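Working notes for the structure below.
Computed from the coordinates by the stated procedures, all read-outs in this text should not be read as laboratory data. The model shown is predicted, which means the values in this text are computed figures rather than measured ones. No Cβ is skipped: glycine too gets one built from the backbone with ideal geometry, and neighbour counts run over all protein chains shown.
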Amino acid sequence: MLILGIDTSCDDTSASVVENGVRILSNIVSSQTDIHAKYGGIVPELASRRHIEMILTVVDEALNRADVSLPDLSAIAVCHGPGLIGSLLVGCSFAKAVSYSKQIPLIAVNHLEGHILSAFLENPSPEFPFLSLIVSGGHTSLYIAEGYGRYIELGRTRDDAAGEAYDKVSKLLGLGYPGGPIIDKLAEQGNPHAIDFPRAYLPESFDFSFSGIKTAVLNFLKSEGKMQNAKDRVDEATDSKLINDIAASFQASVVDVLVRKTEWALKKKGIKRIALSGGVSANSSLRKKIKEMADTKGAEVFIPSVSLCTDNAAMIAAAGYHHFINKDFAGLELNPRAYLPL
Ligand code: KG4
Ligand code: ZN
């Protein structure tokens, strides 16, 4: 069974053909990083416009690489939320048009379910139940995946997502966008104990909060006389040691919270498997620390390759397969939703 997945939820235009929910025949991602980089974050209007320009080429490429044509498809699975509404609208409109004109069944997939099920696109994959920690620029959420379609949300961020914190701190430090990979790299040269940034553990809750850490970094820079307000830029050339230490200390704070919360969830819920997804799961320190923690608890960790951790349409096609099995189809009245809980 061949399913075409489409994801345009944020700033990547992606299409993929997946066989039987697990075998990726193609997974094309057109990134918009170059467009948004000069603004230090995603500009929603520019994102939607770029999706319109790219969607046809990306879907065509996905079908060609998979050596598949539209009549071979069992269904088209499209991400209908959560995400940027203008961006989602492009993917949904495109999928509905192709579904209607070629009489191919349409399936609506929640982006977060896609991230959770990305764990099944590589071997070994987890057995249910497992904890799923989704950490990206738009989300930081912890779920128990009990089975296909059965997800219990334990917690989510109350303000910024972890990736958003990386991007904002990177902007403060004048380092560029996206901030995650840059800070990850600089942190290797820095001392994680140099600055004691706060950790928002939110006791007795599985929720997260990452907005305070950005303010803590800003206040630190002001106290060091490096910056008067958030619009100033630190001079990277003269302050490289300081910047490396800030990067390492900031990263230690974010990673500590993510790891400790996951550890607490393992204990409280008596679960022995953890799957990670979202762009921040590419982080070298998070990957290392979560594995170390899991080893001490006798738990298994599943982290897909980076291309499957970041936004991609293969995860949407994989999730779509299970909706297909359950005959859970969408109609042409399908509308995108910026806010869409699982
Ligand atoms: O999942 P993703 O590609 O898109 C969504 O946000 O949905 O995640 C992008 C986020 C950005 O905030 C980026 O800074 C962060 O993932 N990121 C990282 C790393 N690579 C990407 N954060 C920390 N360390 C990394 N190595
Ligand atoms: Zn995502």
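Note on the stretch 89-115: residues that are within 16 Å of ligand 2 (Cβ to nearest atom) and of a type in the set (Ser, Thr, Tyr) total 0.
Just for helices (runs of 4 or more DSSP H) wholly inside the stretch 263-326: which have at least 2 residues that are under 15 Å from the mean Cα position of the chain (by Cα) and surrounded by 19 or more Cβ atoms within 10 Å (Cβ to Cβ)? Lay out the reasoning, then the answer.
Details: elements: 284-297, 306-309, 314-325.
Qualifying helices (runs of 4 or more DSSP H): 306-309, 314-325.
Considering every residue within the stretch 167-190, establish whether at least one is within 27 Å of residue 307 (Cα to Cα), among the aliphatic types (A, V, I, L, M), part of a loop (DSSP other than H, G, I, E, B) and near ligand 1 (Cβ under 10 Å from one of its atoms). The answer is no; no qualifying residue exists.
Could you please find all residues in the stretch 121-149 being hydrophobic (A, V, I, L, M, F, W, C), more than 16 Å from ligand 1 (Cβ to nearest atom) and not in a loop (DSSP other than H, G, I, E, B)?
As a first pass, look at the stretch 121-149 and keep what is hydrophobic (A, V, I, L, M, F, W, C): 121, 128, 130-131, 133-135, 142, 144-145.
Checking the rest, the ones that are also more than 16 Å from ligand 1 (Cβ to nearest atom) come to 128, 130-131, 144-145.
Selection gives 130, 131, 144, 145.
When you scan the stretch 36-45, do you find a residue that is within 14 Å of ligand 1 (Cβ to nearest atom) and closer than 17 Å to residue 7 by Cα, even just one? Yes: one or more hits. Condition first: acidic (Asp, Glu) and surrounded by 22 or more Cβ atoms within 10 Å (Cβ to Cβ). Can you find one or more residues in the stretch 149-172 that meet it? Checked against the condition, which is being acidic (Asp, Glu) and surrounded by 22 or more Cβ atoms within 10 Å (Cβ to Cβ), the stretch 149-172 yields at least one hit. When residue 164 is tested against the conditions (1) within 15 Å of ligand 1 (Cβ to nearest atom); (2) in a strand (DSSP E or B), the lone failure is (2). Contact map, the stretch 295-314: first residue farther than 17 Å from residue 281 by Cα and within 15 Å of ligand 2 (Cβ to nearest atom), second residue of a type in the set (Asp, Glu) and outside any loop (DSSP other than H, G, I, E, B), Cβ cut-off under 6 Å, separation 6 or more or different chains; pairs are 313/7.
Note on the stretch 19-29: residues that are within 16 Å of residue 91 (Cβ to Cβ) and out of contact with any Lys or Arg (no Cβ under 8 Å at 6 or more places or on another chain) amount to 2.
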